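Asks: I'd like to ask you about the structure that follows.
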Amino acid sequence: MSDSSPFPHLLKLLDDPSEIVRVEVRKALLPMASEIAELLKIFPADSSQLSALESMLLPWRKAQLLSAWPAWKTLSQPQERLEAFHRILCDFQFRWRGVHLSEQLDGWAARLGEGPHSLESLPALLFAELSGDREDYYAPENSYLSRVLERGLGNPISLCSVLMLVGARLGLDYRGCSFPGHFLASFREGEGEVRLVDCFNGGRLLDANLTPELRGDLPQTTTRELAAKVAPVEEIAARVLRNLEATYVRSENRAYACLFYFLLKDLVARGRGLGQSLPVREPLFTPGQVVRHRKKAYRGVVIDYDLYSEDEELPHLPLYRILVHGSPQVASADESQLELDDGGLVAHQLVGLFFSRFEDGVYVRNSRRWEGAT
């Protein structure tokens, strides 16, 4: 394979200025996409080539992600589901960079030694090497556990996930605990009180009273109720997806923002019992695209969509919410009724609230959430 493979020659053409050449390179790379991880061991690529490769084969990478996506939710143990969820995201983002999340977590558990460790002592050890990213809190790297472990920086929910997964390898049971505007880990020693771990702030241990800055205006009875509740893995996953969607909206990475919003929509819908028998695929239209109704002839910009219908007899046709041009109306239409429209700007009173500008025929979404959104 190393002598005859065209792969090293294709790497050199990834940034060719000719669109025709790049199209041909993409066609040549697609049949070998599943072998690229092994090919890169033989023919190493520099960082710019890896970035170009990932961008060129984004549709293939997304297809792999969507194929793997349903499996994590079927696992029985919470820590298994949590790790599988994070691993799917990391495989999507770092598939060709030689990064394997489970191996990284194994390595961190080994570095901490056999112990004995306790639920109280592990956070101080772990968060002597990991800390909250205060300088670039919304960086996407803070949501991918592989990058968190490499950089030593993360956000509250990713650092709590690390504690839960490393702790599980050491026989320690930590859970997630969701507070307004923050995320903590929790544990209970025997029949004792619930203890909380502020992973973003050095792994400090707290009781249910929290600290004044974390508690805010919440009464003590409310903080104790929240501390006693275990955040399900699906809630953790939803918060991670919201973070990723929001950070890619901020950086105007439309393809990634739409992908993670779609995964969030699917996760929440299936949690409500919708869509189990339907295939997972991205919708044809995404927020910001201008569309036209095939029969009613109105045009407008997509603001949101529902993935699945509560009527199990209906096919999998996303239902779109559309800000209608020249009207205060917000219309609903399913995918089969719509087509792309190149008629330009849409005049609607809500456009300026949810989009920052119109560029290349598409409205650029801001971070304001649609009222009916997930």
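Asks: Among Leu82, Leu122, Leu66, which is within 28 Å of Tyr256 (Cβ to Cβ) and either of a type in the set (Val, Ile, Thr) or modelled with pLDDT of 95 or more (or both)?
Replies: Leu82
Asks: Turning to a different aspect of this structure: I'd like to check something: does the stretch 157-166 contain any residue that is part of a loop (DSSP other than H, G, I, E, B), touching a helix residue (DSSP H, G or I) at 6+ places or on another chain (Cβ under 8 Å) and touching a residue at least 12 places away in the same chain (Cβ under 8 Å)?
Replies: No: the stretch 157-166 contains no residue that is part of a loop (DSSP other than H, G, I, E, B), touching a helix residue (DSSP H, G or I) at 6+ places or on another chain (Cβ under 8 Å) and touching a residue at least 12 places away in the same chain (Cβ under 8 Å).
Asks: Residues of the stretch 187-243 being small (Gly, Ala, Ser), on the phi > 0 side of the Ramachandran plot and either surrounded by fewer than 18 Cβ atoms within 10 Å (Cβ to Cβ) or modelled with pLDDT under 85 (or both), which ones?
Replies: Those that are small (Gly, Ala, Ser), on the phi > 0 side of the Ramachandran plot and either surrounded by fewer than 18 Cβ atoms within 10 Å (Cβ to Cβ) or modelled with pLDDT under 85 (or both): Gly190, Gly202, Gly216.
Asks: Another question, then. What helices (runs of 4 or more DSSP H) completely inside the stretch 192-280 contain at least 3 residues that are outside the structural domain of Leu172 (by TED's automatic domain parsing)?
Replies: 233-250, 254-271
Asks: Where residues in the stretch 167-191 are hydrophobic (A, V, I, L, M, F, W, C) and outside any loop (DSSP other than H, G, I, E, B), which of them is nearest to the chain's Cα centre (by Cα)?
Replies: The qualifying residue nearest to the chain's Cα centre (by Cα) is Phe183.
Asks: Could I ask something else about it? State all residues of the stretch 37-78 that are under 30 Å from Gln276 (Cβ atoms), part of a helix (DSSP H, G or I) and among the aliphatic types (A, V, I, L, M); if no residue qualifies, say none.
Replies: Leu58, Ala63, Leu65, Leu66, Ala68, Ala71
Asks: Condition test on Arg97, is it in contact (Cβ under 8 Å) with a residue 12 or more places away in the chain, surrounded by fewer than 18 Cβ atoms within 10 Å (Cβ to Cβ) and charged (D, E, K, R)?
Replies: yes
Asks: Okay, moving on. How many of the residues making up the stretch 1-47 are of a type in the set (S, T, N, Q) and more than 18 Å from Val99 (Cβ to Cβ)?
Replies: Residues flagged as of a type in the set (S, T, N, Q) and more than 18 Å from Val99 (Cβ to Cβ) within the stretch 1-47 amount to 4.
The values are calculated or read from the model by the stated rules, or taken from the named source; none is laboratory data. Note that the structure is predicted; figures quoted are calculated from it, not measured. Note that each Cβ is placed from the backbone with ideal geometry, even for glycine, and that neighbours are counted across all protein chains shown.
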